[in-house]
Amino acid sequence: MRLRPLPDPDHLPALDTRFVQRRPAIGLGPEEHKPRILLLYGSLRPRSYSRLATEEAARLLRLFGAEVRIFDPSDMPFPDQIAGDDHPAIHELRQHAVWSEGMVWCSPERHGQITGLMKAQIDNLPLNMGGMRPTQGRTLAVMQVSGGSQSFNAVNSLRLLGRWMRMITIPNQSSVAKAYDEFDEAGRMKPSNYYDRIVDVMEELVRFTILTRRHAARLVDRYSERKAAGNAVDPAVDLSSIATASQKRSA
């Protein structure tokens, strides 16, 4: 499988556990199973800071009770490069997307934008796949790493893409400046405000995933799609029709 193993999954040296809520979403919705989070990163360098930041995010998500998968894009083709998208990496990415309830996207900023590898992964996720929608209604957290001063170009682009993919992108985000200074020789993130922000973002992602779990289908239900599919609304079961009817009776 094209999933990266997570080194030292329970070792969090930069985290001050005195201030940690291990169940940040408690009371917000049903927790009958762990939130399922797919993480994507955007660089194939041996020492990829987007991958290292993604791994830190995955460790935190595990701590907060989530099940995580980190996709390995090392043989990801460009969109339309393979006839019919018939490539094992594309098939597997889509399977993991369908499995997920939420995602984390982390890209380096290169020439003021996300990388081609990051965009290729997102472009290989269709809006509709045999009646299934591998991104619609999923929660999304966006992060970026930069080689220079702090910037938000990459996360802004990822937000735009998340909206286009009909995802519920959370308000918080992470941008790590001068990433080469933020990781030790072992590839672990040092204590810093940048690390603390990643903690904030992962807490919020878990909360939004649990909060919207019961309502995700309704939140992305669209008139235009019902019309195109010929799915007329049954007033007997439509909550809005029932609510309107009760208001008319009380008036």
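The values are calculated or read from the model by the stated rules, or taken from the named source; none is laboratory data. The structure displayed is predicted, hence computed values, not measured ones. Don't worry about glycine lacking a Cβ; one is built from the backbone with ideal geometry, like all the others, and counts go over all protein chains shown. Side chains are part of the model used for accessible areas, which takes the heavy atoms of the whole protein and leaves out ligands, DNA and RNA. Shrake-Rupley method; radii C 1.70, N 1.55, O 1.52, S 1.80 Å.
Brief remarks follow.
- For region 58-155, size of Cβ-based charge dipole, Lys and Arg +1, Asp and Glu -1, in debye: 380
- Label assignment, Kirkwood radius over Cα pairs in Å derived from the structure, set (i) 20.6; (ii) 18.0; (iii) 19.3: (iii)
- Selection from M103, P88, M76 lying farthest towards where the dipole of region 67-111 points positive, charges on Cβ: M103
- Sequence ranges 215-227, 93-105, 28-40, ranked by mean other-Cβ count within 10 angstrom, highest first: 93-105, 28-40, 215-227
- Alpha carbon centroid spacing (whole Å) that separates region 108-123 from region 183-227: 19
- Using θ = phi - 60° in the Karplus curve 6.51 cos²θ - 1.76 cosθ + 1.60, the 3J(HN,Hα) couplings for region 59-68 round to 4, 5, 4, 4, 4, 7, x, 8, 9, 10 Hz; x is entered for Gly and Pro.
- In the chain, helical runs assigned H by DSSP with n ≥ 4 each contribute -39500 (n - 2.57); averaged across all residues and rounded to the nearest 500, the mean residue ellipticity at 222 nm is -11000 deg cm²/dmol.
- Exposure ranking of F19, F71, F152 by accessible area [1.4 Å probe, largest first]: F19, F152, F71
- Order of exposure, largest accessible area first, which applies to T212, T17 with probe 1.4 Å: T17, T212
- For the chain, the longest principal axis of the Cα atoms and the long axis of helix 88-99 meet at an angle of about 60 degrees.
- Nearest-ten-degree value, helix 239-250 long axis tilted from longest Cα axis of the chain: 50
- Selection from A216, L40, Y195 lying farthest towards where the dipole of the chain points positive, charges on Cβ: A216
- With both residues required to sit in the chain, DSSP beta bridges show an antiparallel share near 15%.
- Degrees between helix 153-164 axis and first principal axis of the chain (Cα, 0 to 90, nearest 10): 30
- If a spin label sat at a point 7 angstrom from the Cα of Q81 along the line to its beta carbon, the backbone N atoms of region 98-135 nearer than 17 Å would be those of 115-126.
- When +1 charges are put on Lys and Arg Cβ atoms and -1 charges on Asp and Glu Cβ atoms, the dipole computed for region 17-220 relative to its Cα centre reaches about 600 debye.
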